[in-house]
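This report refers to the structure that appears directly beneath it.
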Amino acid sequence: MSNHYELTGRSALVTGAASGMGARTATALAAGGARVALLSRRQTRVDDLAAEITTAGGVALPVPADVTDPASVQAAAERVTAEFGAPDLVVNAAGVMLPNPIGAGRIDEWSRMIDTNLTGAMHVIQAFLPGLRAAAADGRPADLVNISSIGAHVVFPEYAVYSATKAALTQLSASLRTELGPDAIRVTNIEPGLTDSELGEHIDNPRLSAQLDGMFATMQALTSGDIADLIAYVTSRPRHVNLRQVIVLPTSQS
C-alpha cells in the first residue's frame, strides 16, 4: 500500500487493531497524519504496533480493551479523549469468524460472534458517538466506519451465524446513516470479499478450514492493506461526501 491521504489534525479510534484489517487501517490513518488510538484485547500486539507507527513518524496510543465489555469500552473512550481529544474518526474493525453447521449447536461460537461483531460494535458507537457529534457540530469531518462482509448478503453454507452478524451490522449502518446523516456524521459500511487476514485462523472445523485454504489457493485475495487504503480514502473525502456502502471483492471473486 503506497497511497497516502490527507488526515492531518484528525483523531482516530480503530478497534481490532492488533492484527489484520484493523492494524493496517491504523497504520494507513497514521500515515495520513491522524493521531490513532489502537483498541484491542491483545496489549502486546498494540504496544508493538504503536511503536511501529511512532518509528515511522506517526502518533499512536495503544489502548487495551474488550469491545464485548461496555465498561471496558467506556474506560477506553475516557482515556483516548484525555490523550487525543474525542475521536472524529471511528473504525469498527474488531470481528471473529467461526463457521460451523448450525446443527453443531456451537452456542459458544454464536455468542462470541454476536458479542464481538454486532454488540461490540454498538458498544463502541455508543461510547464514541458524543465525540463524532461534537466534531460534526464544529464543522469538521466526522466518520463512523463499520467493516461488515460480503457474507451480509451472499450465502455461504455453514457460515449462517457469522453472516447473520454481518447482515445485522450492514443494516445497523444503513439505519444509523438516516439517524446521523442529518447531523453531518458520515456512516460508511465496508463489505470485503475474500481477504487475507487472521479471521480464518480461528476456524476449528478442519473441513471448513481446508475449504477456505482452497479459496486462497485458487484466487488472488484482497490484502488487509487493500481494505485499509480504501478506508483512508473514504474518510479523507470532503465532509459533504459520504461513500456510504463499499463492496470490495477480489477481481476473480466478482
| message | Looking at the structure I just gave you, is Val124 among the aliphatic types (A, V, I, L, M), out of contact with any Leu (no Cβ under 6 Å at 6 or more places or on another chain) and outside any helix (DSSP H, G or I)? | response | no
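Of all residues being open to solvent by 30 Å² or more (accessible area, probe 1.4 Å) and touching a residue at least 12 places away in the same chain (Cβ under 8 Å) in region 178-195, which is nearest to Gly120 (Cα to Cα)? Just the residue, please. It would help to see each step written out before you state the result.
To start, the set of residues in region 178-195 that are open to solvent by 30 Å² or more (accessible area, probe 1.4 Å) comprises 178-179, 181-184.
Subsequent filtering for residues that are touching a residue at least 12 places away in the same chain (Cβ under 8 Å) retains 181, 183-184.
Values: Gly181: 22, Asp183: 23, Ala184: 24 Å.
Across region 178-195, the extreme among qualifying residues is Gly181.
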Checking Asp213, Asp196 in turn, the sole residue that is over 13 Å from Met21 (Cβ atoms) and modelled with pLDDT under 95 turns out to be Asp213
Per the list (1) touching a residue at least 24 places away in the same chain (Cβ under 8 Å); (2) more than 26 Å from Glu179 (Cα to Cα), residue check on Ala136 breaks on (2)
Taking region 49-66 and the residues there that are in a helix (DSSP H, G or I) and open to solvent by 20 Å² or more (accessible area, probe 1.4 Å), the one that is farthest from Thr15 (Cα to Cα) would be Thr55
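Residues are listed down the side, and each one gets a yes or a no for (1) touching a Leu at 6+ places or on another chain (Cβ under 6 Å); (2) assigned to a helix (DSSP H, G or I); (3) small (Gly, Ala, Ser); (4) within 19 Å of Arg41 (Cβ to Cβ):
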position	(1), (2), (3), (4)
Ala94	no, no, yes, yes
Trp110	no, yes, no, no
Ile114	no, yes, no, yes
Val161	no, yes, no, no
Lys166	no, yes, no, no
Going through (1) closer than 26 Å to Met113 by Cβ; (2) open to solvent by 20 Å² or more (accessible area, probe 1.4 Å); (3) touching a residue at least 40 places away in the same chain (Cβ under 8 Å) one by one, Ala17 fails only at (2)
Flagged pairs (Cβ under 6 angstrom, 6 or more apart or on separate chains; first in region 226-251, more than 17 Å from Val90 (Cα to Cα); second in a loop (DSSP other than H, G, I, E, B)) are Leu249/Gly193; Pro250/Gly193; Pro250/Leu194; Pro250/Met219; Pro250/Gln220; Pro250/Ala221
Restricting attention to region 37-48, the residues that are open to solvent by 50 Å² or more (accessible area, probe 1.4 Å) and either among the small types (Gly, Ala, Ser) or touching a residue at least 40 places away in the same chain (Cβ under 8 Å) (or both) number exactly 0
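In region 79-107, which residues are β-branched (Val, Ile, Thr) and open to solvent by 60 Å² or more (accessible area, probe 1.4 Å)? Spell out how you get there, then give the answer.
So in region 79-107, the residues β-branched (Val, Ile, Thr) come out as 80-81, 90-91, 96, 102, 107.
Across region 79-107, the qualifying residues are Thr81, Ile102, Ile107.
Tally the residues that are more than 26 Å from Asp69 (Cβ to Cβ), of a type outside the set (A, V, I, L, M) and surrounded by 17 or more Cβ atoms within 10 Å (Cβ to Cβ), restricting the search to region 108-157. Explain how you work it out, then say what you get.
As a first pass, look at region 108-157 and keep what is more than 26 Å from Asp69 (Cβ to Cβ): 136-141, 150, 153-157.
Among the residues that remain, those that are also of a type outside the set (A, V, I, L, M) are: 138-141, 153, 156-157.
Narrowing the set further to residues that are surrounded by 17 or more Cβ atoms within 10 Å (Cβ to Cβ) leaves 141.
Residues meeting the conditions: 1.
The values are calculated or read from the model by the stated rules, or taken from the named source; none is laboratory data. Just so you know, these numbers come straight off a predicted model, no measurement behind them. A quick note on method: Cβ atoms are made from the backbone with ideal geometry, for glycine too, and the neighbour counts reach across all protein chains shown. When the accessible area is computed, the model is the full protein with side chains, heavy atoms only, and any ligands, DNA or RNA have been set aside. Shrake-Rupley method; radii C 1.70, N 1.55, O 1.52, S 1.80 Å.
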